[in-house]
């Protein structure tokens, strides 16, 4: 009986861990999507600045400012791409962890059900043994009369 309680507690702990990992995964996915949107926005800004840079009506100061702005946008995009890759790896890692936790929960549930089956089987054997002894006593008493 104690083993069933232990399995139940282990399953509960694993389910809590599973819940926390799911929340962490969702948070990471949200960050990933937000960064992806920022990268798309920065790409649009870079394209717009290149279009403005190609205009012939700009003076040298405006060209310099636009080039510096484009360089800073590209640096920011580079940092965001690195963060996006890091988050992608974290998402893959969390998915692997979730899969492992689910396997562990399933294994624990299987072990719990086997333990419960064995306990029921043992109880059934004890009851059968008592019934057999009772029947044997009744047979002995009726044969003595």
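What follows is calculated from the coordinates using simple rules that are stated; it is not laboratory data. A quick note: this is a predicted structure, and the numbers were derived from the prediction, not measured. Note that each Cβ is placed from the backbone with ideal geometry, even for glycine, and that neighbours are counted across all protein chains shown.
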task: Hey, for a label at residue 102 modelled as a point 7 Å past Cα toward Cβ, could you say which residues of the range 17-39 have their backbone N under 13 Å away?
output: 18-19, 22
- prompt: Separation of the range 82-145 and the range 1-62 by C-alpha centroid, Å?
  reply: 40
message: Under the 0.36 nm per residue contour assumption, what length would be gained going from the current alpha-carbon distance of residue 89 and residue 4 to full extension?
response: 26.9 nm
task: Give, as ranges by residue number, the residues of the range 95-122 whose backbone N falls under 19 Å from the point 7 Å along Cα→Cβ of residue 135.
output: 121-122
Convex hull (Cα only) mean projected area of the range 2-110, reported in nm² to one decimal: 7.6
task: Report, in degrees rounded to the nearest 10, the 0 to 90 angle that the Cα long axis of helix 2-53 makes with the longest principal axis of the chain.
output: 10
task: Using only alpha carbon pairs under 8 Å that are at least six residues apart, calculate the relative contact order of the chain and give it in whole percent.
output: 46
- prompt: In whole Å, what three semi-axes, largest first, describe the equivalent ellipsoid of the range 77-145 built from its Cα gyration tensor (square root of 5 times each eigenvalue)?
  reply: 66, 4, 4
message: For the chain, take the longest principal axis of its alpha carbons; what is the angle in degrees between that and the long axis of helix 60-144, to the nearest 10 within 0 to 90?
response: 0
